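The values are calculated or read from the model by the stated rules, or taken from the named source; none is laboratory data. Not measured: the values here are computed from a predicted model. So basically every Cβ, Gly included, is an ideal-geometry build from the backbone, and we count neighbours across all protein chains shown.
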Amino acid sequence: MQLGRVVGRIWASVKNPGLEAQRLLLVQPVTPDLSASGKVVICTDCTGAGSGEVVYWVRGREASFPFQPGEVPTDATVVGIVDELHVGGGGA
Amino acid sequence: MTLGRVVGTIVATRKDARLEGHTLLIVKPVTPDGKEEAGYLIAVDTVGAGNRELVFTVGGSSARMASGCKDKPVDCVIVGIVDGVSMDAAR
């Protein structure tokens, strides 16, 4: 998975049936220090993430798993909203 | 999924039989604020996208989950025509 920040959304009335009623978020991949890294990606969402929130998202075929048994044609899905993020620091 | 603009079409008479009857479009990836990105995609169209329309594509093996593409040799499918893009001001 990768970290990201929700930076917007898109909407489409004409789309593949499998995408009906799916939120389509624009997610900017970020590094653990929350700086942008890479291209903005369109993600489906199963968490209700709002704009500006730090999330993590999954890529590839697994992106459709949260919507099973439905067949949602997506290759990127937000699967979690980050509450806290710790990098480095003491301990193992 | 990737945002893109339809910039052309492909006609192929000699192709895998399972691609019969599918429209093949050339898509140029673009950023949410409309700037063109590198590269081009050949995508199967499942929504009737027209030339210059803003669309979004799904790639990889998830592309075969788009309706009509179940057992087809495709890894890029246009799954929606974009009506609007809204970006947060704070970006």
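Values for this structure:
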read-out	value
Boolean, B:Val85 is part of a strand (DSSP E or B) and under 12 Å from the mean Cα position of the chain (by Cα)	no
Residue in the range A:43-52 that is acidic (Asp, Glu) and modelled with pLDDT under 95 present	no
Subset of the range A:76-92 (residues that are assigned to a loop (DSSP other than H, G, I, E, B), modelled with pLDDT of 95 or more and surrounded by 10 or more Cβ atoms within 10 Å (Cβ to Cβ))	A:Val82
Residue under evaluation B:Val58, criteria (1) aliphatic (A, V, I, L, M); (2) within 20 Å of A:Gly38 (Cα to Cα); (3) surrounded by fewer than 20 Cβ atoms within 10 Å (Cβ to Cβ), criterion not met	(3)
Residue check, A:Gly60 surrounded by fewer than 22 Cβ atoms within 10 Å (Cβ to Cβ) and among the small types (Gly, Ala, Ser)	yes
Of all residues making up the range A:45-84, the number that are within 22 Å of B:Val77 (Cα to Cα), among the hydroxyl-bearing types (Ser, Thr, Tyr) and at the interface with chain B (Cβ under 8 Å from one of its Cβ atoms)	2
Answer residue from the range B:73-82, given it is assigned to a strand (DSSP E or B) and within 7 Å of chain A (Cβ to nearest Cβ) and is farthest from A:Thr74 (Cα to Cα) among those	B:Ile81
Residues of the range A:1-33 classified as surrounded by 14 or more Cβ atoms within 10 Å (Cβ to Cβ) and more than 7 Å from chain B (Cβ to nearest Cβ), total	13
Positions within the range B:37-72 being within 11 Å of chain A (Cβ to nearest Cβ), assigned to a loop (DSSP other than H, G, I, E, B) and in contact with a His (Cβ under 9 Å, 6 or more places away or on another chain), in sequence order	B:Thr46, B:Gly68, B:Cys69
Residue under evaluation A:Phe65, criteria (1) hydrophobic (A, V, I, L, M, F, W, C); (2) farther than 23 Å from B:Cys69 by Cα; (3) not in a strand (DSSP E or B), criterion not met	(2)
Total residues in the range B:65-91, condition free of Cβ contacts under 8 Å to residues at least 12 places away in the same chain and charged (D, E, K, R)	4
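Residue by residue, here is whether (1) surrounded by 15 or more Cβ atoms within 10 Å (Cβ to Cβ); (2) more than 11 Å from the chain's Cα centre (by Cα); (3) more than 19 Å from A:Leu24 (Cβ to Cβ); (4) not β-branched (Val, Ile, Thr) holds:
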{"position": "B:Thr2", "(1), (2), (3), (4)": "yes, no, no, no"}
{"position": "B:Val11", "(1), (2), (3), (4)": "no, yes, yes, no"}
{"position": "B:Arg18", "(1), (2), (3), (4)": "no, yes, yes, yes"}
{"position": "B:Thr31", "(1), (2), (3), (4)": "no, yes, no, no"}
{"position": "B:Glu37", "(1), (2), (3), (4)": "no, yes, no, yes"}
{"position": "B:Ala43", "(1), (2), (3), (4)": "yes, no, no, yes"}
{"position": "B:Thr46", "(1), (2), (3), (4)": "yes, no, no, no"}
{"position": "B:Ala49", "(1), (2), (3), (4)": "yes, no, no, yes"}
{"position": "B:Glu53", "(1), (2), (3), (4)": "yes, no, no, yes"}
